[in-house]
1. Show the residues, 5+ positions off or on another chain, whose built amide H is closer than 5 Å to the amide H of Ile65.
2. Among residues other than His111 whose Cβ falls under 9 Å from its Cβ, what is the net charge (Lys/Arg +1, Asp/Glu -1)?
3. Just want the ordering: Arg85, Arg243, Arg220, from fewest to most Cβ atoms lying within 10 Å of their own Cβ.
4. Which lysines does Lys274 reach when only Cα atoms under 23 Å apart count, and residues fewer than 8 places away in its own chain are ignored?
5. For Ala262, list long-range residues whose amide hydrogen, built 1.01 Å from N in the peptide plane, is under 5 Å from its own amide hydrogen.
6. What's the magnitude of the charge dipole for the chain around its Cα centre, counting Lys and Arg as +1 and Asp and Glu as -1 at the beta-carbon? Answer in Debye, nearest 20.
7. Each residue of the stretch 306-318 in turn: what ³J(HN,Hα) in whole Hz from Karplus with 6.51, -1.76, 1.60 and θ = phi - 60°, glycine and Pro shown as x?
8. In what sequence, highest mean first, do 232-241, 57-66 appear when ranked by Cβ atoms within 10 angstrom?
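Derivation of every value follows stated rules applied to the coordinates shown; laboratory data play no part. Here the structure is a predicted model, which is why all the values come from computation and not from measurement. Note: ideal-geometry Cβ built from the backbone for every residue, glycine included; neighbour counts use all protein chains shown.
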Amino acid sequence: MSGEGMIAEPRSVHGSEGHAKLKELMHRGTAFLGCEYAILGGAMSWVSERNLVSAISNAGGFGVIACGAMNPELLDTEIAETKKRTERPFGVNLITMHPQLSELIDTCAKHGVSHVVLAGGLPPGGAIERIKASGAKLICFSPALALAKKLMRSGADALVIEGMEAGGHIGPVSTSVLCQEILPHVAKDIPVFVAGGIGRGEAIAAYLEMGAVGVQLGTRFVCAHESIAHANFKKAFIRASAREAIPSVQIDPRLPVIPVRALKNREMENFAAKQREVAQQLDDGAIEMAEAQLQIEHYWAGALRRAVIDGDVESGSVMAGQSVGMVNREEPVTDIIQELVDEAAAALESRG
Ligand SMILES: Cc1cc2nc3c(=O)[nH]c(=O)nc-3n(C[C@H](O)[C@H](O)[C@H](O)COP(=O)(O)O)c2cc1C
């Protein structure tokens with residue numbers, strides 16, 4: 001059960017050798033983000049809004065607003081409301097295929113957002129320049145070594161490498177393989193944050209030792225007290241084991257859809273039906289491929305909203321990473337971050 005309303009237990013003093021090592025290994029990450037721990041709260045559509053984002057930043061991590069399908073006015077309000085709740089830095093995650101990307105970048109610039117994360121494929125022409133001109137630091141997702149190098153040349157200030165263990169849209173490669181493929185070659189030249197499948201601090205310690213400057217977690221933050229996710233959504237997380245968080249299936253080879261990792265439920269049949277409907281429209285020449293992909297993304301936004309906001313965890317999409325098996329209760333963000341930090345510190349200290 002939650003400890004809401006109870007007096008918090010006094011925390012141990014974090015002066016151990018492990019904590020000092022952790023601080024040192026995270027130093028480039030914390031300097032880049034301007035926070036205490038180089039732990040990004042990965043943007044999660046509908047979940048990463050003012051409450052969770054400010055709570056993560058206030059707890060010493062780095063919260064990131066998920067813009068998702070928001071229009072510039074909604075994003076403007078979300079940033080303003082987040083600023084009312086924290087004085088610490090936070091980021092905004094924008095999806096590259098959003099039709100109003102330029103306006104969304106301008107909204108971030110208007111508020112002086114310090115870090116913009118671009119997700120969902122290579123940034124379109126002009127987007128990088130626009131972000132950098134605003135003075136914001138640019139963080140990009142890199143699904144392969146060649147792309148990491150290309151993004152560095154294009155002006156990315158930091159990279160996130162996210163493996164297929166993650167919740168939401170995923171690539172085909174695991175976190176451990178991506179880390180081996182990318183970190184040794186670029187970690188000295190650019191700060192790299194590792195995401196996907198991180199549930200405990202021991203994994204954080206390991207990725208830092210491989211050269212990462214920090215990590216990004218999504219799934220672990222869904223059941224935070226401060227997360228507005230519906231009680232049914234949180235319950236589904238608490239009950240689920242790793243093997244229940246599975247990728248969506250591509251029904252028609254003509255329609256390349258990016259797989260989404262979510263908890264197994266009836267929604268997966270709905271997605272199959274949606275793919276057949278869109279493939280038929282493509283066959284009939286009624287729509288182009290770009291429109292087909294946009295339709296699929298709109299489908300996901302709606303399906304995730306049904307589960308996160310309305311609590312329909314059967315016909316909505318319960319996007320979750322494999323670390324869902326390590327989410328066992330609802331708890332405050334401060335406890336989640338402190339637990340991760342203490343586990344990472346203990347792991348580093350045990351190395352001697
Ligand atoms: C419910 C949910 C929604 C997500 N929505 C987004 C999103 O809108 N944009 C994005 O870049 N990543 C999104 N992600 C990915 C997270 O930002 C993060 O990178 C990922 O959760 C990290 O892996 P983990 O789930 O194993 O911790 C989402 C993840 C989840 C679980």
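1. Residues meeting the amide H criterion: Gly91, Val92, Asn93.
2. Once all neighbours under 9 Å are counted, the net charge is +1.
3. In increasing order of surrounding Cβ atoms, one gets Arg243, Arg85, Arg220.
4. Lys264
5. Residues meeting the criterion, in which the H sits 1.01 Å from N, are Ile246, Ser248, Ala320.
6. 500 debye
7. 4, 7, 6, 8, 7, x, 7, 8, 9, 9, x, 9, 9
8. 57-66, 232-241
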